[in-house]
Amino acid sequence: MLKRVPDAVEAIALADLGAVRIQGSDAERFLQGQLSNDVTQLPSGRAVLAGYHNPQGRTIAILQLVRAAPDEILAVLPRELAASVAARLAKFILRAKVAIKDVSADVRIYGLLASTDAPVPARAAATRVRIGAEPARWLSIEAAHSAGPVGGDRQLWRRMDIAAGQPQIYAATSEEFVAQMLNLDALGAIAFDKGCYTGQEVIARAHYRGRVKRRMQRFRTHATQELLPGTAGRLSDGRAFKTVDAVRGDDGACEFLAVTALSARDEAPSADAAAPIEAAALPLPYELPQ
């Protein structure tokens, strides 16, 4: 049962998410040189997806960027990564007028489900933004001490992320995948016409010069299965995969996002003797670049 908040939308506590605050007159310019998306186009009422990558183009974290104030941006990500991401970003401040802090302990984050696409009413001391192009899903970031709902079905929110083809990076998968393997280009999380940022050369080369043969795809197992982020396995057609995110249904079957070859023809032969996983491919709500 979802908990109801005072303005009649339904809320799910996302206690496993945290936030990094980037604040100062140079906050936007600083992030523009660190993240894959165009931070200068970040609106005030919508969360925008961006990747934070290492110099090899591998994804350290996926961030939901939220403009909390003209000179303040919040990056929402798994709480387990917040401190390390804040510390890593802080190494590159140099002379920029910006302060970076892991504020996970200072905020509570909720997912809001609206019954219509009308804007969710404002709530005192809360920052509320739509998630990308999804009209019925919102993030609410509130002070940790504020009175608010608790609980809700966290697995339902994860199930909706997976159905939307929305990847997440956790400690177990940080720096495992190049940006396009996670479909960040298909999700609008990469701006190919902006200036340089960390990992940009590798990501741009994959976009302009070569076909990406391994991408995140969506599956559902035929039988009871336990998969976790980072779990590796093999599908029944021989393709090796690595799990990005997963959720179990009431019947025990697992719906999951995994990076694997687009075709069995792209998979190199393997001597792996592990039993393959029987799983049906499910559609993504967006087209993969060819």
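Can you work out which of the residues in the range 68-78 that are in a strand (DSSP E or B) and at pLDDT below 95 is farthest from Ile190 (Cα to Cα)? Restricting to residues being in a strand (DSSP E or B) and at pLDDT below 95, the top hit is Ala69. How many of the residues in the range 67-101 are more than 21 Å from Asn37 (Cβ to Cβ) and crowded, with 17+ Cβ neighbours inside 10 Å? Qualifying residue count, the range 67-101: 1. Looking across Gly238, Gly199, Gly195, one residue alone is in contact with a helix residue (DSSP H, G or I) (Cβ under 9 Å, 6 or more places away or on another chain), within 23 Å of Asn54 (Cα to Cα), in contact (Cβ under 8 Å) with a residue 24 or more places away in the chain and surrounded by fewer than 20 Cβ atoms within 10 Å (Cβ to Cβ). It is Gly195. Can you find a residue in the range 114-123 that is touching a Phe, Trp or Tyr at 6+ places or on another chain (Cβ under 8 Å) and either under 22 Å from Trp157 (Cβ atoms) or surrounded by fewer than 23 Cβ atoms within 10 Å (Cβ to Cβ) (or both)? Yes: the range 114-123 contains one or more residues that are touching a Phe, Trp or Tyr at 6+ places or on another chain (Cβ under 8 Å) and either under 22 Å from Trp157 (Cβ atoms) or surrounded by fewer than 23 Cβ atoms within 10 Å (Cβ to Cβ) (or both).
Each row is one residue, and each column tells you yes or no for (1) modelled with pLDDT of 95 or more; (2) of a type in the set (A, V, I, L, M, F, W, C); (3) in a strand (DSSP E or B).
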site	(1), (2), (3)
Ile22	yes, yes, yes
Pro43	no, no, no
Thr59	yes, no, yes
Val66	yes, yes, yes
Arg95	no, no, no
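When you look at Ala186, is it of a type in the set (A, V, I, L, M, F, W, C) and either assigned by TED's automatic domain parsing to the domain that holds Leu35 or surrounded by fewer than 21 Cβ atoms within 10 Å (Cβ to Cβ) (or both), yes or no? It is true that Ala186 is of a type in the set (A, V, I, L, M, F, W, C) and either assigned by TED's automatic domain parsing to the domain that holds Leu35 or surrounded by fewer than 21 Cβ atoms within 10 Å (Cβ to Cβ) (or both).
The values are calculated or read from the model by the stated rules, or taken from the named source; none is laboratory data. For clarity, every value in this text was computed on a predicted model and none was experimentally measured. Cβ: placed from backbone, ideal geometry, glycine included. Neighbour counts: every protein chain shown.
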